1. How large is the charge dipole for the range 43-163, taken about the Cα centre, if only the Cβ atoms of Lys, Arg (+1) and Asp, Glu (-1) carry charge, to the nearest 20 debye?
2. Can you bin the range 10-108 into rounded, prolate or oblate? Criterion: square roots of the alpha carbon gyration tensor eigenvalues sorted a ≥ b ≥ c, rounded for a/c under 1.5, prolate for a/b above b/c, oblate for the rest.
3. How far apart, in nm, are two points set 7 Å out from the Cα along the Cα-to-Cβ line at SER199 and at VAL88?
4. Counting each DSSP H run of 4 or more residues in the chain as -39500 (n - 2.57), what helix-only mean residue ellipticity at 222 nm follows after dividing by all residues, to the nearest 500 deg cm²/dmol?
5. So how far, in whole Å, is the C-alpha centre of the range 30-66 from the one of the range 196-222?
6. With θ set to phi - 60° and the Karplus curve 6.51 cos²θ - 1.76 cosθ + 1.60, what are the ³J(HN,Hα) couplings of the range 185-191 in order, to the nearest whole Hz, using x for Gly and Pro?
7. Within the chain, how many Lys pairs that are eight or more residues apart, or on different chains, come under 23 Å at the alpha-carbon?
8. What helices does the chain hold that run 24 Å or longer along their axis, going by alpha-carbon atoms, with a Kyte-Doolittle average of 0.0 or more, using DSSP H for the helix calls?
Amino acid sequence: MLKHNPRTSAAGSERPLSKRVGYDGLRVLCRTVAVWLYGLRIEGRDHWPATGGGLICANHQSMFDPPLVGLTCSRRMNYLARDTLFRVPGLAQLITFLDAIPIDREGGGLAGLKETLRRLKAGELVLIFPEGTRTHDGEVAPLKPGFISVARRSRVPLIPVGLDGAYQAWPRSAPVPRLGRVAVVIGQPISASEIAAFSDDDLLRELSRRIQACHGKAREIRLS
């Protein structure tokens, strides 16, 4: 039997005021830094659902990506993190404060999957990167199908997001970030009813198409 993980016990209205205010403060700080240092431009914020759960699916360019996507939304976002990151001093305290969901890749990630489903069904937003890893060249890699079972079981919309410029600012080969320009585009969600009507292969293709379109638009905005 899986034991309850205290790192993931707080969600939604259960979170203390300090965490709710702290998250909002971090979002404002990150947005300010992104605008001042990286000329952040955002399109499609009207596509964020005002209420209810949603599985946010974004392309993965750099370690900037979670805060970049999170700062574009006025609602709190949930993030996934490798369980090994909870042992890194400083970072461990931050992601614990943010109620990140620990994922044990070597152990199959069952506990993380259950917690992700719990938060989605509780009406929260969860960010994932369906490519599975950061890009090697700035382009969108083929998506892995793991998100499909989560989407079907949670019965929440899939929200495609494309970002560009984060790879140039902090490629996986660089130990520290550099300055640049970034853009984020939020696309039209795939509704729960649309998800139910798609076959797995068609859903994979449709989400990939929408993420690619958002990424292309983000690149166009960044370079304009």
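1. Details: 15 positive and 12 negative charges, 108 e Å.
Computed about the Cα centre, the dipole is about 520 debye.
2. On the way: a/c = 1.39, a/b = 1.29, b/c = 1.08.
Because its axes are fairly even, with a/c under 1.5, the range 10-108 counts as rounded.
3. 4.1 nm
4. Values: 8 runs with 89 residues, N = 224.
The per-residue figure over the chain is -12000 deg cm²/dmol.
5. If you average the Cα positions of each part, the centres end up 16 Å apart.
6. Values per residue, Gly and Pro as x: 10, 9, x, 5, x, 9, 5 Hz.
7. Working: LYS3/LYS114; LYS3/LYS121; LYS19/LYS114; LYS19/LYS121; LYS114/LYS144; LYS121/LYS144; LYS144/LYS217.
Lysine pairs meeting both conditions in the chain amount to 7.
8. Numbers: long enough: 17-38 (30 Å, 0.44); 200-223 (34 Å, -0.90).
Counting only whole DSSP H runs, the qualifying helices are 17-38.
Quick note: the coordinates plus some simple rules give every number you see, no bench work behind them. For clarity, every value in this text was computed on a predicted model and none was experimentally measured. Heads up, the Cβs are rebuilt from the backbone with ideal geometry, glycines too, and the neighbour counts pull from every protein chain shown.
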